[in-house]
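These notes are about the structure you will find just below.
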Amino acid sequence: MYHLTALVTLLAIAFYFFTSLNVSRARTKTGVKAPAMSGHPDFERAFRVQMNTLEWMPIVLPALWLFAVYISDAIAAGLGAVWIVGRVVYFVGYSKAAAKRGPGFAIQGIAAIALWAGALGAVMLRLVK
Amino acid sequence: MYHLTALVTLLAIAFYFFTSLNVSRARTKTGVKAPAMSGHPDFERAFRVQMNTLEWMPIVLPALWLFAVYISDAIAAGLGAVWIVGRVVYFVGYSKAAAKRGPGFAIQGIAAIALWAGALGAVMLRLVK
Amino acid sequence: MYHLTALVTLLAIAFYFFTSLNVSRARTKTGVKAPAMSGHPDFERAFRVQMNTLEWMPIVLPALWLFAVYISDAIAAGLGAVWIVGRVVYFVGYSKAAAKRGPGFAIQGIAAIALWAGALGAVMLRLVK
C-alpha cells in the first residue's frame, strides 16, 4: 500500500483548494464580480496562482503515483512534499508581485520533473526487461 | 474491485464533458469567436460553469478513489453521485444567473469535502497503526 | 501491470507540459506580461491550446486507466497514443489559425470517446454479471 503517497495527495489537494478559496476572497476584496475574471491586478494574481496550481495537478498527481508504484512510496511522498512547499512559496511570492513568482515556481517544477523523469526511467526499464 | 466508483468516475467525466460542449454551443449562440473567452455574459457564465467543474476534478477524482480504496466502494460511489447531482444543480442555476449558483455549489462542495475528509482520516489511521 | 498505459500517461503529460512552455514562449514573443491572459491573438491562441489540452486531461487520463484495467493495457495505450497524435495536430493547426484547429480536435476527441465508451461498457458488464 502507498499510505504516504495517499497522504501527500490529500495534502496537495488541500493546498490547491486553499488557492481556490483565496480567489473567492480576492473577489470580495477587489469587487470583481462573477463571471468576470479580470478587472483588478490583485484579483488577477490570485486567480493566476490558482490556475497555475490547477495546470500542474495533471502533471504532478499521475507522475507521483507512477513513481510510487514503480519506485518507492516514501521517495514519491518526499518529492510530493517538496512540490507542495514550492507551491506555498509560489503562492506567497506571486500574491505580493508577479515578479516574485520565480523561486517557488522553480522548486515545484524541479520536484515535478524529478517525479516524472523517475517514473519514466522505471517504466522504460520494465518494458525493455 | 471498485466497479461502482469506476462507474461514477465515468459519469462525472461525462457530465464535465457536457459542460464543455455547452461552451461551444454558447459560442455559436452569442457570437464570441475562439480564441476570445469573453464578450457576452451568457458565454462567460457557460465558460465559468465548465471552468469551475474542471477546477474541482483534481479534488474530487483522487479523493473519490482514495475513499473507495481505504473505506468503501459503495459509499465512495454514493458521495460521488451526490457530487454529480450538485454539479447539475450548479449548472442549471448558474446558466440562469450568477447569483443562482450557490445551492448547487454547496451540495457538490459538501460531497467533495466528505470524500476528502473520509480518505484523510482513513489514511492517517493506517499510518499510526 | 500496465507498463504501456503508464508510458503513454507520461508521454501525454510531457506533451501537455510542452504546451505550457509554449505559453511562456508566447508571452516573451508578444509582450503580454503576467498576470494578463489576453492582449495579442498569438498569445491567446497559445494559451487556448494549453487550456484545451488541460480541459481534456481529466477526461482522458481516468478513461485511459479504467480502459486499461477493465479491457487491455495494449489497446488503452494504443488509443492513448492516438489521442497524443491528435493533440499534436491540434497544436500545429491552432498555432497557425483558430480556423485550423478542427482536424486535430476531431482525432483526439474520437480517441477519448473510444476510451470512455469502452471503459463504460466493460464496467457495466461487470456490474450486471
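The values are calculated or read from the model by the stated rules, or taken from the named source; none is laboratory data. This one's a predicted model, so the numbers in the text were calculated from it and none came from an experiment. As a convention, Cβ positions derive from the backbone with ideal geometry for all residues, glycine included, and neighbour counts pool all protein chains shown. What goes into the accessible areas is simple: the full protein's heavy atoms, side chains included, and nothing from ligands, DNA or RNA. Shrake-Rupley method; radii C 1.70, N 1.55, O 1.52, S 1.80 Å.
For the reader, a short list of remarks on this structure follows.
- Residue tally, condition more than 7 Å from chain A (Cβ to nearest Cβ), open to solvent by 10 Å² or more (accessible area, probe 1.4 Å), touching a residue at least 12 places away in the same chain (Cβ under 8 Å) and part of a helix (DSSP H, G or I), over the range C:1-17: 4
- Cβ-Cβ distances below 8 Å connect the following pairs, each with a first residue in the range B:49-71 that is within 10 Å of chain C (Cβ to nearest Cβ) and more than 15 Å from residue A:18 (Cα to Cα), a second residue that is open to solvent by 10 Å² or more (accessible area, probe 1.4 Å) and outside any helix (DSSP H, G or I), and a separation of six or more residues or different chains: B:65/B:2.
- Subset of the range C:28-39 (residues that are in contact (Cβ under 8 Å) with a residue 12 or more places away in the chain and open to solvent by 40 Å² or more (accessible area, probe 1.4 Å)): C:29
- Flag for residue A:77 being more than 20 Å from residue C:61 (Cβ to Cβ) and either of a type in the set (D, E, K, R) or surrounded by fewer than 16 Cβ atoms within 10 Å (Cβ to Cβ) (or both): no
- Residue count, the range A:23-47 (criterion: away from chain C (no Cβ under 14 Å) and assigned to a helix (DSSP H, G or I)): 5
- Residue within the range C:102-116 that is within 18 Å of residue B:34 (Cβ to Cβ), at pLDDT 95 or above, within 14 Å of chain A (Cβ to nearest Cβ) and crowded, with 17+ Cβ neighbours inside 10 Å present: no
- When C:68, C:46, C:74, C:63 are screened for being of a type in the set (Gly, Ala, Ser) and touching a Lys or Arg at 6+ places or on another chain (Cβ under 8 Å), only C:46 passes.
- Number of the exception - residue C:94 against (1) closer than 20 Å to residue C:47 by Cα; (2) more than 17 Å from the chain's Cα centre (by Cα); (3) buried (at least 19 other Cβ atoms within 10 Å of the Cβ); (4) of a type outside the set (A, V, I, L, M, F, W, C): (2)
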